[in-house]
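Below: one structure, written as structure tokens.
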Ligand code: FEO
């Protein structure tokens, strides 16, 4: 793909990775992704903002083939999907300096490596005059690594936000119009990457209120022509009211757990509580992460395997714990054959959750009528908890 003009003197460069299906050997990418670099020209100097994933270095280098001079390479983030092509860019432009936070400079030297003498560190609020175009650097740690930074192009009102406000989506469209599909891609990205850092997300959103931002150019996915669309969504996902909703991941071996799950689903529906039911052997992890963004309650359901939680559910519990969702309530349903430690094991796996435990339901073998009544009781407790928390209006 060729470079594309955003405004006069500012261009999208990079790579649309249509076929990538997994990130970090973990996160499904059903719609691919993109690695966005940007070229910013002033009358005095030219800056390249970020690079691309190493597998796509050739695409960036083709776009840079006609560029005579790069003075600065702004590195917002040391993660390799944006920095991996840096060594090639530095070879091609031997006078270019890498501009980044001190922490990012250290990490670039360790991860790639970039020669230390090519790095120029900047403090929070520092500016760089390209000639008629001023880049202001905004340190933004923990969205989502400790070294991350934004760049604000002052005269243009454009925020280059790195991973923050991004989306894993491959598209021929450069600009997001705020459609449901645009926001779904952004929510998936938020859930998978930013959710563990919700406190920092809020802090950075607050800081950005002080800038007159007219456009947001993230490092993945589409450019946001209306910044409010994505910043409002981030505000809701990170600190808005949770939904009257249950996220219900489960796995079943011989059907007992599935019967329990369906009984709970019926009980929740009758009480007007939304439920998202995820059968884990066929579920995209990203969809569960999206559900965790705003579900008020998480219920995990599992049979026992060798006396403990089923490994497929254990894996999802581990990821959910790492994502630190804001759920207020949590519970467990388990069916066991001769012994079961699933509840204790799940408690140990989910120590990051600050949710109140609603009494788990444990069934020996196939659930009978009294077990189903107990499960209906769990649905009632969840509905009551949501009502008391003011989530059901
Ligand atoms: Fe897109 Fe954290 O790298």
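Hey, does the range 354-361 have a residue that's touching a residue at least 40 places away in the same chain (Cβ under 8 Å) and closer than 21 Å to residue 243 by Cα? Looking for residues that are touching a residue at least 40 places away in the same chain (Cβ under 8 Å) and closer than 21 Å to residue 243 by Cα, one finds at least one in the range 354-361, hence yes.
Within the range 329-376, the set of residues being buried (at least 18 other Cβ atoms within 10 Å of the Cβ) and in a strand (DSSP E or B) comprises 329, 330, 331, 332, 333, 334, 335, 336, 361, 363. Among the residues of the range 163-178, those that are touching a strand residue (DSSP E or B) at 6+ places or on another chain (Cβ under 6 Å) and either within 16 Å of the ligand (Cβ to nearest atom) or not assigned by TED's automatic domain parsing to the domain that holds residue 9 (or both) comprise 165, 166, 168, 170. Where helices (runs of 4 or more DSSP H) sit wholly within the range 179-265, those with at least 3 residues that are within 16 Å of the ligand (Cβ to nearest atom) occupy 180-189, 198-208.
Scanning the range 260-295 for residues that are over 30 Å from residue 29 (Cβ atoms) and crowded, with 19+ Cβ neighbours inside 10 Å gives 260, 263, 264, 267, 268, 273. Checked against (1) outside the structural domain of residue 367 (by TED's automatic domain parsing); (2) within 27 Å of residue 330 (Cα to Cα); (3) touching a strand residue (DSSP E or B) at 6+ places or on another chain (Cβ under 8 Å), residue 200 passes all but a single condition, namely (3).
For the range 34-98, the helices (runs of 4 or more DSSP H) that sit wholly inside it and include 2 or more residues that are within 16 Å of the ligand (Cβ to nearest atom) are 57-63, 80-83. Screening residue 131 against (1) touching a residue at least 60 places away in the same chain (Cβ under 8 Å); (2) in a loop (DSSP other than H, G, I, E, B); (3) buried (at least 19 other Cβ atoms within 10 Å of the Cβ) leaves a single unmet condition, (3).
The values are calculated or read from the model by the stated rules, or taken from the named source; none is laboratory data. Note that the structure is a prediction, hence the values are computed from the model and not measured. Cβ atoms come from the backbone with ideal geometry, glycine included; neighbour counts cover every protein chain shown.
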